[in-house]
1. Quick check: anything in segment 414-422 assigned to a loop (DSSP other than H, G, I, E, B), at pLDDT 85 or above, touching a Lys or Arg at 6+ places or on another chain (Cβ under 8 Å) and not hydroxyl-bearing (Ser, Thr, Tyr)?
2. Exactly one of (1) within 23 Å of Gln263 (Cβ to Cβ); (2) touching a strand residue (DSSP E or B) at 6+ places or on another chain (Cβ under 6 Å) is unmet by Lys34. Its number?
3. Confirm whether Phe206 is within 24 Å of Ile290 (Cα to Cα), modelled with pLDDT of 95 or more and among the aromatic types (Phe, Trp, Tyr).
4. Condition first: surrounded by fewer than 22 Cβ atoms within 10 Å (Cβ to Cβ) and within 13 Å of the ligand (Cβ to nearest atom). Now tell me which residues in segment 356-369 satisfy that.
5. Say we look at segment 423-458 and pick out the residues that are assigned to a helix (DSSP H, G or I), under 41 Å from the mean Cα position of the chain (by Cα) and among the β-branched types (Val, Ile, Thr); which of these is nearest to Phe359 (Cα to Cα)?
6. What pairs come out if I take residues in segment 300-319 that are modelled with pLDDT of 95 or more and pair them with residues that are among the aromatic types (Phe, Trp, Tyr) whose C-beta lies under 6 Å away, six or more apart or interchain?
7. For segment 137-153, indicate whether the set of residues that are surrounded by 13 or more Cβ atoms within 10 Å (Cβ to Cβ), hydroxyl-bearing (Ser, Thr, Tyr) and under 23 Å from Thr217 (Cα atoms) is non-empty.
8. Please give the strands (runs of 3 or more DSSP E) falling wholly within segment 232-327 in which 1 or more residues are of a type in the set (S, T, N, Q), away from the ligand (no atom under 15 Å from the Cβ) and in the same structural domain as Lys55 (by TED's automatic domain parsing).
Amino acid sequence: MENKAKIFQAKSEKVAFDRDHRRILTYNIGQYDKAVTKGKHFFYDLNNAREQASKIKDYCLQEFEQLLVRFERNARGNGCEVEWASGADDVLKIIGKIIASEDVRTVVKMKSMVSEELEINCFLEKNSVEAFETDLGEFIVQLAGEKPYHILTPAMHKSKESVAELFNQKFGLEPGSKPEVITGFVRSFLREKFMSAQMGITGANFLIAETGSVGLTENEGNGMLTFSWPKTLIVIAGIEKVIPELVDLDLFWPLLAVHGTGQHVTAYNSILSGPRKETEGDGPDRMVIILFDGGRTRLFQDLEMHPALKCIRCGACLNACPIYKNIGGYTYQTTYTGPIGSVISMYMDGTADMGFLNFASSLCGKCTDVCPVKIPLHKLLLINRHKIVESSDSLGVERFFFRNYKKYMLKRRRLERINPKWKNKAMTTIGAKVWGPRRDPLVFAKESFHKTWKKKEF
Ligand code: SF4
């Protein structure tokens, strides 16, 4: 834990003062802000829509098990195979068996954060299977050997110049190629992969219990090719994605689109209800849905943390967060970053030691303000902080410090009794590390303002 916390601090220090990083992020988030501000006007009453979405998600959590069982029953009725996976190993075992039985050598993937949790590309590579990310942003980060920087905008940290340089290095495209040229190249490169892939892998934006269908939303059409061309399709979905009815998409799709990218609705919205039927031309012959826990049950078991399971992964809280904007996505060292990542990571498999992220927040509440399903993120951060402090026995010094700090700060007379020389001494020794090397030194006046005021010497 200590190491990851130290890495976090060291990275934060570096990234926050990286001017290039700041310039790119400010520009990209600025574009996002403009689009979202405009997009929010599509709603007649946005607040009411958020309220309704929040209530539906509350209902989902009340009826969590029943809805999941209903989804499973209806998905099986549609001809899907449904598997339950508690941890990453279970998912990978299921995928490994399918790869072997279907003789899979090439996989095309639609953008999916769950697959990042599972590090599927690494697993496929070890099993001699070529995997291609087909969302342009994901394709770029895969090419660069990186992970997604942001849950919705994986290449947000890259400028168009750096992307052109990458394509020059990897594919020999003209230096400084324009985005249109790069996009055209990727389109034909991936078309070939879509045609030859034996298997497609997608995540799920929503699992519709009523119909046993998977709701998917995307902007590039790569998802449609991923689930309609390869003969086998695997859908890996976090169990929190379940919603009660098809009609709920009426609310969730526009909310997700507006908060994710500022669009009225995303360009391609698909509802997958099983493998290809005899009368259909396209679609997989086999569709396997893996319902993945990966720590979500731990969140579910904690009543206080229920709201965190309402997240629809729109990314709005990341873009609004002053900390994220300063330290960027990679500093977190987790799949889910920003405020929602800080809240959930300590409950998820593989990142249980990331509780310290809850302290990486100014608690300004902007994340809560922008969340389309009204998750009180800043309150959840505080609840987690409380839990961490309560359960930790290594914080004795900190507790001692804050008890005394409170004692002195609440009584002016007590504070004034300490000689300023000692205050300055404390700041240049014990306090120096906390204050940091980049701020002007904090120097206490010889006399307090209160005493000066009493003498009326000004
Ligand atoms: S917590 Fe809310 S704002 Fe953040 S990603 Fe989830 S739904 Fe979006």
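The values are calculated or read from the model by the stated rules, or taken from the named source; none is laboratory data. Please read these numbers as outputs of a predicted model, since none were measured by experiment. Every residue, glycine among them, receives a Cβ derived from its backbone with ideal geometry; neighbour counts consider all protein chains shown.
1. Filtering segment 414-422 for residues assigned to a loop (DSSP other than H, G, I, E, B) gives 418-419.
Filter once more, keeping what is at pLDDT 85 or above: 418-419.
Checking the rest, the ones that are also touching a Lys or Arg at 6+ places or on another chain (Cβ under 8 Å) come to none.
No: zero hits.
2. Just one mismatch for Lys34, condition (2).
3. Numbers: within 24 Å of Ile290 (Cα to Cα): yes; modelled with pLDDT of 95 or more: yes; among the aromatic types (Phe, Trp, Tyr): yes.
Taking the combined requirement at face value, the residue satisfies it.
4. Scanning segment 356-369 gives Gly365, Lys366, Thr368, Asp369.
5. Going through the qualifying residues, I end up with Val434.
6. Filtered contacts from segment 300-319: Leu318/Tyr324; Asn319/Tyr32.
7. To start, the set of residues in segment 137-153 that are surrounded by 13 or more Cβ atoms within 10 Å (Cβ to Cβ) comprises 137-144, 146-153.
Those left that are additionally hydroxyl-bearing (Ser, Thr, Tyr): 149, 153.
Of the ones still in play, those that are also under 23 Å from Thr217 (Cα atoms) are 149, 153.
Yes - at least one qualifying residue is present in segment 137-153.
8. Details: elements: 232-238, 268-272, 286-292.
Once the strands (runs of 3 or more DSSP E) in segment 232-327 are filtered for at least 1 residues that are of a type in the set (S, T, N, Q), away from the ligand (no atom under 15 Å from the Cβ) and in the same structural domain as Lys55 (by TED's automatic domain parsing), what remains is 232-238, 268-272.
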